[in-house]
Amino acid sequence: MNLHPILVHFPIALLTLYSLGEFVRSKRVLSLSYWFYVKAIMLVIGFLATIPTILFGKLIADSFPERIVRVHSTFAQTTAIVYGLIALSYLITWIDKDIYSMTKRSDWWGYISELNKNIFRPRTLVLLALTGLILLTITGALGGIMAFGPGVDPLTQLVNDLFFGK
Ligand code: HEM
């Protein structure tokens with residue numbers, strides 16, 4: 001039995017919720033002390049879930065048409081890279097908030113922390129969360145096309161027409 005069709009739900013649900021959370025820019029919500037952790041947990045677990053999902057996907061790849069598997073797999077791996085970068089940034093911020101707020105930071109950590117703050121500014125995170133969500137949606141639609149056919153819903157039809165023609 002292959003676990004891919006079961007595992008796919010974890011990155012899809014958690015990373016979609018994380019991205020939606022990142023789009024919330026209301027000051028009231030952003031100032032909630034737990035909001036960062038809510039997003040961080042969905043993001044990190046969602047990203048970690050992409051690893052077994054991809055590995056189990058590769059195990060069944062040979063049983064499906066090569067072209068669509070290749071496109072689906074490329075989108076899946078790009079999605080994992082985008083969310084992986086955001087997760088890395090969140091982990092650095094998390095360590096900064098909860099460990100280095102109590103102890104003195106070493107020089108090299110100070111450098112990593114500054115680099116993180118400069119690269120992953122709030123707007124960049126929103127843009128990356130949007131990019132990840134678009135990639136994740138296309139990945140899911142391509143998976144849906146393989147499992148149920150292109151006509152299963154309007155999105156799979158659109159993605160199928162875009163990538164493989166009418
Ligand atoms: C983040 C990573 C991935 C996500 C979110 C994802 C998502 C999906 C989804 C939603 C389906 C439809 C499942 C169903 O309802 O039955 C699917 C099917 C499929 N995926 Fe993935 N996928 C990922 C990675 C991969 C990779 C890397 C490969 C192969 C190299 C792969 C190969 C397949 C194949 C062959 C199917 C059709 C299997 C079936 O009919 O159940 N997937 N995928």
| task | Per DSSP H run of n ≥ 4, the term is -39500 (n - 2.57); total these for the chain, divide by its residue number, and report the mean residue ellipticity at 222 nm rounded to 500 deg cm²/dmol. | result | -27000 deg cm²/dmol
| query | Counting Lys +1, Arg +1, Asp -1, Glu -1, what net charge surrounds LEU127 among other residues with beta carbon under 15 Å of its beta carbon? | reply | +2
| Size of charge dipole - the stretch 1-140 - debye, nearest 20, with Cβ of Lys, Arg +1 and Asp, Glu -1, no other charges | 460 debye
| note | For LYS97, the lysines lying under 25 Å Cα to Cα, once residues fewer than eight places off in the same chain are dropped, come out as LYS27, LYS39, LYS117
| task | Would you work out which of THR16, GLY84, PHE36 lies farthest towards the positive end of the dipole of the stretch 1-89, given +1 charges on the beta-carbon of Lys and Arg and -1 on that of Asp and Glu, about the Cα centre? | result | PHE36
| query | Given q = 0.10, 0.16, 0.23 Å⁻¹, what are the Debye log10 I(q)/I(0) values for the stretch 26-125, with equal point scatterers placed on the Cα positions and solvent ignored? | reply | -0.41, -0.81, -1.22
| field | Most positive-pole-ward Cα, GLY140, TRP108, PRO65, against dipole of the chain from beta carbon charges | value | TRP108
| request: Using only Cα atoms, find the angle between the long axis of helix 9-23 and the longest principal axis of the chain, and express it within 0 to 90 degrees, rounded to the nearest 10. | output: 50 degrees
| For the stretch 69-166, rounded, prolate or oblate, judged on the Cα gyration tensor with a ≥ b ≥ c (square roots of eigenvalues), a/c < 1.5 rounded, else prolate if a/b > b/c? | prolate
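Throughout, read-outs are computed from the coordinates displayed, never taken from laboratory work. It should be emphasised that the depicted structure is a prediction, and the values quoted were computed from it without experimental measurement. So basically every Cβ, Gly included, is an ideal-geometry build from the backbone, and we count neighbours across all protein chains shown.
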